[in-house]
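Everything on this sheet refers to the single structure shown next.
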Amino acid sequence: MGRVLLLSLMAASLVACGKASGEEMAMAQGMYADLVEQHNEVAEAYASVEDDSLGKELDEMAEKVESMGQQDIHGLNGAELDAIVEEMNGYAKEYEGMLASLEEIKVQEEGAEVYAVPVTLKNSTCVALYEVYLYEASSTDKGENLIKDMEYLDGLGTLNILNIFVTEGEELWHLEAMDEDGGVIESADIEFTQEHKDGVTIKMEYSFDSMEGWVKLD
């Protein structure tokens with residue numbers, strides 16, 4: 001199943017019948033949709049490598065996520081809904097670990113070196129950021145908004161990114177951050193070398209005089 005099973009996005013919501021509504025249920029359904037997308041991302045990554053050691057684990061995860069999608073969350077109290085959310089968070093972390101393993105496997109199979117860099121983003125712009133992207137400079141795909149699960153990153157807030165995976169030859173990445181109106185506050189290229197393997201803090205700053213942003217690495 002793991003190599004071929006892509007969970008249907010059309011079914012990417014917990015079942016909510018009858019009177020089921022409200023902000024908490026909408027959040028849970030949104031989390032489930034994200035979980036399905038995360039499964040599909042891992043399944044596609046698994047299909048791209050020869051190593052089949054994660055097949056059984058991925059199959060089991062698919063069954064768990066599909067089973068969760070059949071639950072009727074109508075009538076659940078706050079504690080029960082919180083338990084489902086906690087379970088989904090656990091699955092998301094498992095998928096993150098599987099994706100990291102698959103990326104390392106792929107690089108090993110292709111013969112390129114990859115290393116993880118723990119990243120912390122510190123917003124010192126005094127501007128609330130609503131979209132933040134960090135991606136390989138050579139890529140046309142920005143990837144996901146890093147703060148999509150937050151309303152915004154406060155003007156003096158901090159965001160911890162577990163890891164980014166840097167491939168030898170692709171050390172140059174691009175950081176882009178935007179305000180509520182889509183205005184670009186930060187746009188900078190950052191080179192992540194092996195010296196950053198122990199972790200790096202990217203401090204984002206902004207001048208209201210020049211209306212320009214810049215970054216510093218610690």
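Here are some notes:
- Yes/no for LYS93 being open to solvent by 40 Å² or more (accessible area, probe 1.4 Å), farther than 29 Å from MET178 by Cα and assigned to a helix (DSSP H, G or I): no
- The set of residues in segment 188-217 being among the hydroxyl-bearing types (Ser, Thr, Tyr) and within 20 Å of the chain's Cα centre (by Cα) consists of THR201 alone.
- Residues being farther than 16 Å from THR167 by Cβ and open to solvent by less than 40 Å² (accessible area, probe 1.4 Å) - total across segment 183-200: 6
- In segment 171-182, of all residues being open to solvent by 60 Å² or more (accessible area, probe 1.4 Å) and among the acidic types (Asp, Glu), the one that is nearest to SER101 (Cα to Cα) corresponds to GLU180.
- Segment 151-163, subset in a loop (DSSP other than H, G, I, E, B) and exposed (fewer than 14 other Cβ atoms within 10 Å of the Cβ), residue modelled with the lowest pLDDT: GLU151
- Residue that is most open to solvent (accessible area, probe 1.4 Å) [pool: residues in segment 18-41 that are assigned to a helix (DSSP H, G or I) and more than 29 Å from LYS106 (Cβ to Cβ)]: GLU23
- Leading residue by the ranking (most open to solvent (accessible area, probe 1.4 Å)) among those in segment 42-70 that are part of a loop (DSSP other than H, G, I, E, B) and polar (S, T, N, Q): GLN70
- Selection over segment 118-150 of residues that are in a loop (DSSP other than H, G, I, E, B) and either β-branched (Val, Ile, Thr) or under 19 Å from MET211 (Cβ atoms) (or both) gives a count of 8.
- Test: residue in segment 99-122 that is more than 24 Å from MET61 (Cβ to Cβ), touching a residue at least 12 places away in the same chain (Cβ under 8 Å) and hydroxyl-bearing (Ser, Thr, Tyr): yes
The values are calculated or read from the model by the stated rules, or taken from the named source; none is laboratory data. Since the structure is predicted, the reported quantities are computational estimates derived from the model, not experimental observations. Cβ: placed from backbone, ideal geometry, glycine included. Neighbour counts: every protein chain shown. Accessible surface is based on the protein model in full, side chains and every heavy atom, while ligands, DNA and RNA are left aside. Shrake-Rupley method; radii C 1.70, N 1.55, O 1.52, S 1.80 Å.
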